[in-house]
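Written out below as structure tokens is the structure these notes cover.
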């Protein structure tokens, strides 16, 4: 596991409320820092300064940000998944000398794979002012860079510097947005966002290179991981497509907006879902902390004892400890996230009033909250499956998530407004049930799977 886990363990072991709060805060920022800061900064600016932005320009800004968020994550997903595996293997082998080289390759792949489609979209397809096109184009690659560098953050032991980088970046975004919106409208808001993202990107690159102060070399080793772990790349792509499938489909709903710039967006649907996704943050933080401080210890002990040739009775004890840890962690996360969702639903009217959202979005918001609850539980199970090298099972489940979310959302869009949001909820339900069944099947038979199914002696030749 990456270096941040040791730091989180120290905080948890102090056994006081302040250290526990710091541990949860850092795990949340490490796992979804860029997304959290950007969403909160935009929410604050839109709430208090939206009236200062011209209507058409304001909508173009929102639309461009939606497209940038969605497609930067989708296009970058295969790179991130392979890089995550490479970093984990490097740390396990106690050889991190090639991590800077892998980071360089990731940035090169981001540019090479995304430059042409993004340039075509902004400079050929959309009808926008040239300065706005340039800033939106830059914003796309800044977001892609943040997602890329975020993969390397869990390998850092200096969690404090990472948190400060995000915090200062968020403050810069907020200050520059509030300052520039008055004179430059939507272009000022986009410029302010980019300035903050530039600070975050270069600060975090500096932290990674300072932690892993090695020369760039042996790039070929990282390239080979894309051939070896192609299923991870596909799984990450399908998962990202699944997350955004319903938003992309709903962009063409009858109630959506076709801007003069040529961009299709259903603003009300996206706002309801972005707010609902913020509700997932406590569960994600709790899961990261649980994995780093509890589960990984049992996981490592189980496989270490197998390699050391301990008696089978000891392996059974370790197996039972893994099952118990997963049951307790899953139960605690389900209860905690359920309580958070209940409170959010109870305060939904006040939240909507504070954010100046229409009550017509309430139904979509409810299903988004229910769906995100199942979504985050399924995500927990998919990550655990990946720990146990069940890559093919995870791949098929994420493919199902993508297909069901796209198909169910399209069907509910045809049924009418009152059914909007059902598609994502049903897709999350199906994905959760499949992931639960797969995880239960594998974990309960873990010794058999490791000694027989994953044993190279018993594998059929390709």
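Computed from the coordinates by the stated procedures, all read-outs in this text should not be read as laboratory data. Because the structure is a prediction, the values reported are computed rather than measured. Cβ atoms come from the backbone with ideal geometry, glycine included; neighbour counts cover every protein chain shown.
Using the Cα atoms of the range 127-196 to build a convex hull, what is its mean projected area in square nanometres? Provide the component values of the computation, followed by the final result.
Values: hull surface 19.8 nm².
Averaged projected area of the range 127-196's Cα convex hull equals 5.0 nm².
Per-residue counts of other Cβ atoms within 10 Å, averaged by peptide: what ranking do you get for 270-280, 436-446, highest first? Don't jump to the answer; show the numbers that get you there.
Values: 270-280: 21.2, 436-446: 15.6.
Ranked by mean Cβ neighbours within 10 Å, highest first: 270-280, 436-446.
What do you get when you divide the Cα radius of gyration of the range 360-414 by 2.2 N^0.38 Å, with N the number of residues?
Working: Rg = 13.8 Å, N = 55, 2.2 N^0.38 = 10.1 Å.
This ratio for the range 360-414 stands at 1.37.
Quick check: the distance between the Cα centres of the range 222-268 and the range 298-374, to the nearest angstrom?
Answer, in whole Å: 24.
Sorted by packing (mean other beta-carbon atoms within 10 Å per residue), highest first, where do 317-329, 187-199, 215-227, 369-381 land?
Details: 317-329: 16.0, 187-199: 21.9, 215-227: 13.3, 369-381: 23.6.
The most tightly packed comes first, giving 369-381, 187-199, 317-329, 215-227.
Tell me, what is the Rg over Rh of the range 252-462, with Rh the Kirkwood radius over Cα pairs? Present the calculation step by step, with values, prior to reporting the outcome.
Values: Rg = 21.0 Å, Rh = 19.4 Å.
Radius of gyration over Kirkwood radius for the range 252-462 works out to 1.08.
Take the range 136-281, compute every pairwise Cα distance, and split them into 5 Å bins from 0; I just need the percent in each bin.
Bins of 5 Å from zero give 2, 8, 10, 14, 18, 18, 14, 9, 5, 2, 0 percent of pairs.
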